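The values are calculated or read from the model by the stated rules, or taken from the named source; none is laboratory data. Computed from a prediction, not measured in an experiment: that's the story for all the values here. So basically every Cβ, Gly included, is an ideal-geometry build from the backbone, and we count neighbours across all protein chains shown.
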C-alpha cells in the first residue's frame, strides 16, 4: 500500500493544496504570503553573500532585488545600527534581513590631513567636516594678506637695500613648499618679488617644451596653454580640500600680471638707483663741508704759531679767537670773559723754576710717541735669560704618568698620603713601633726623644760628677 | 757581597732613603760589613735585589755610623733588618717576641722573597703588621733584651 501510495503522493498533495485554496481563500493567502516572505528573505541573504564574496561562483542576484538591500557598513546600515535600543528601526534591524548583513569590514584606509595635522579613517568625508573647513579657512586667511601685499606690489615694485630681514620665507599652502618672500640679488631686494615669481611660475616641464609651445602659440595665440605649476597645485588643493571657489582667484597671478610686475620692477630699480645717487651726493657734500671746516680750524691754530707775537697772550688769544670763532667760541668764551686774559698762555715763561733732567730720547728705543713696546710688555732680563719652555715638557709628562700610575694603587695602602718630598730637620725620625712601647707609633718617637734627652742629662751629670769629686 | 748593594753611612742618608722610597718596601739592613752573619745575609739580599727591584729597595746601614737609628730601632744584635713602606714602619709577626725587626740571617733566598712579597701585599692593603710566611724553624731565636736587664 505504501509503495503504491508513495509515487502518487505528490500529485495528491498538489491537488490537495489546490483544493484548499479553493475552499479557504484566506488561508491560501497567508500561505502565499509566507512563501513570498521566505523567498525574499532567502534572496536578501543571497545578496548579502554575494556582496561579501563577489566572484565566488555564486550567481549575481537580480538587479531588482538588490536595490532594496542596505549596503553593509553603508549609510543606511550605519543609521540603523546607531538607532537607540527599543526603537522601531532597531526592531526592524533585529528582525529583518538587515540583521544578517555582514558587519562592516576594516575601516577606510588612514588618510592624513596636513591641514588638521591628524589622521582620519573616514575617507573623503573628512574634507567636508566643519573642523577641516575651519582649519582651511584659517590657513588661507594666513596666506591671503601676504598674497594681497604681493598683488599690490605688481603695480609699484619696491626696491630696497638688502637687509637680513629680507631672507624671510613664507609657506605656499597649495604647493606645500617654502617660498622666498622677497627677491634679493647682491645688496638689492625687490619686495614681494619671490612670492610673485612663485605664484606665476610656469612648470618645469613647460620650460623644457619651450620650443614646442612657442610654435603652438604662434599657431593659436588665444589658447590658454599656460598652466603654471602653482596654478595646477592650486587647482588640486582646491579640489582636494573643497575650498571656496571664489577664493581661488585671489591666490593666482596671471602671466600678464607677472609681466607687468617685471616692468614695474625695472622702473623701481631705476628710481632706487636715482635715490642712491642723490644720497651719495648728499653725503659727499657733507664730507666736503666737514673737511673744509677742519682745514679752516687747522689753519687758524697754526697761524699764531707761525707769526710769533711780541705782545702778551691776550692779543694772541684774541687773534686765535677771531680766526676760530666758529669752533672754539663755545669753549673759550667764558674763560676769556670771566678771567683776566693774561694767565692763559704765558704760564710757561713766568712759571716756577723747574729742574730740567734732559731729553729722554734714546736712539734705537722709541718712546710712547714713536710706538715702542711698552715697558710692561718687555721681558725682564733675568727671566728672559732663563729659556723657559712654553707648554708641557717631557719631564712633566713623566711626572703626570707617575701620578696616573699612583692613582691605580689602592687608596688605603700604608703611607698613601706620605709626603716624600717634604724637607725635614736633622732630628727627624721615621715613625717606628718599638718593642717595649705601647700606644701609637708616633708616640714611640716622642718617648725616644724624651729618653734621649734624659740620657743626655744623665751623661752630662756623670761627666760632671768626676770633675766635682 | 755587601759591595753590590747601596750603603747608607749617615743619619741623613737613612732619612733620605726612608722618605724618598715610594710604593716600595724599604729594606734596611743594620750591621757591619765584615761580620760573618752579615756577609751571609748580604749575599741573600744582593742576589735577590734585582728580582725584587719592583717591590723592594734594599740598603745596607752601618750600625756604628748611625748611632741615633741604632738606638731608636733598639738594635742589639747584628744583622737586624727593618722594613718600611712609604715612610711607615712595617711590623712583621715572626713568632718571636720582637715584631719590629728581623734579627739574624734568612736561611734561603726564597724566605726573604716571600717575606718581602707578604709585606708588600699587606702594605697595599693598609696593614701595618703582617704575618711572617717563613717557617718558624728557619727563624733564628734570640733573647730579647730589655734595658740591660
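Could you tell me which of the residues A:201, A:260 is in contact with a helix residue (DSSP H, G or I) (Cβ under 6 Å, 6 or more places away or on another chain), modelled with pLDDT under 85, surrounded by 14 or more Cβ atoms within 10 Å (Cβ to Cβ) and under 22 Å from residue A:150 (Cα atoms)?
Going through A:201, A:260 in turn, just one is in contact with a helix residue (DSSP H, G or I) (Cβ under 6 Å, 6 or more places away or on another chain), modelled with pLDDT under 85, surrounded by 14 or more Cβ atoms within 10 Å (Cβ to Cβ) and under 22 Å from residue A:150 (Cα atoms): A:201.
Please give the number of the condition residue B:141 fails out of (1) more than 9 Å from chain A (Cβ to nearest Cβ); (2) closer than 19 Å to residue B:52 by Cβ; (3) touching a residue at least 24 places away in the same chain (Cβ under 8 Å).
Exception for residue B:141: condition (2).
Tell me whether the stretch B:117-131 contains one or more residues that are assigned to a strand (DSSP E or B), out of contact with any strand residue (DSSP E or B) (no Cβ under 6 Å at 6 or more places or on another chain) and more than 10 Å from chain A (Cβ to nearest Cβ).
Checked against the condition, which is being assigned to a strand (DSSP E or B), out of contact with any strand residue (DSSP E or B) (no Cβ under 6 Å at 6 or more places or on another chain) and more than 10 Å from chain A (Cβ to nearest Cβ), the stretch B:117-131 yields no hits at all.
When the stretch B:1-57 is examined, which residues are found to be part of a helix (DSSP H, G or I), surrounded by fewer than 14 Cβ atoms within 10 Å (Cβ to Cβ) and touching a helix residue (DSSP H, G or I) at 6+ places or on another chain (Cβ under 8 Å)?
Listed by number, the list holds a single entry, B:47.
Test residue A:252 against the criterion of being touching a strand residue (DSSP E or B) at 6+ places or on another chain (Cβ under 6 Å) and either modelled with pLDDT under 85 or within 26 Å of residue A:154 (Cβ to Cβ) (or both), and give yes or no. Talk me through it step by step, then tell me what you get.
Numbers: touching a strand residue (DSSP E or B) at 6+ places or on another chain (Cβ under 6 Å): no; either modelled with pLDDT under 85 or within 26 Å of residue A:154 (Cβ to Cβ) (or both): yes.
No: the conditions fail for residue A:252.
Give me the residue from the stretch B:88-116 that is part of a helix (DSSP H, G or I) and either facing chain A (nearest Cβ under 9 Å) or in contact with a strand residue (DSSP E or B) (Cβ under 8 Å, 6 or more places away or on another chain) (or both) and, out of that set, surrounded by the fewest Cβ atoms within 10 Å (Cβ to Cβ).
Among residues in the stretch B:88-116 that are part of a helix (DSSP H, G or I) and either facing chain A (nearest Cβ under 9 Å) or in contact with a strand residue (DSSP E or B) (Cβ under 8 Å, 6 or more places away or on another chain) (or both), the one surrounded by the fewest Cβ atoms within 10 Å (Cβ to Cβ) is B:116.
Can you name every residue in the stretch A:115-138 that is touching a strand residue (DSSP E or B) at 6+ places or on another chain (Cβ under 9 Å) and surrounded by 14 or more Cβ atoms within 10 Å (Cβ to Cβ)?
Residues satisfying the conditions are A:120, A:126, A:127, A:129, A:132, A:135.
Considering each residue of the stretch A:427-459, count those that are touching a strand residue (DSSP E or B) at 6+ places or on another chain (Cβ under 9 Å) and surrounded by 14 or more Cβ atoms within 10 Å (Cβ to Cβ), and give that number.
7
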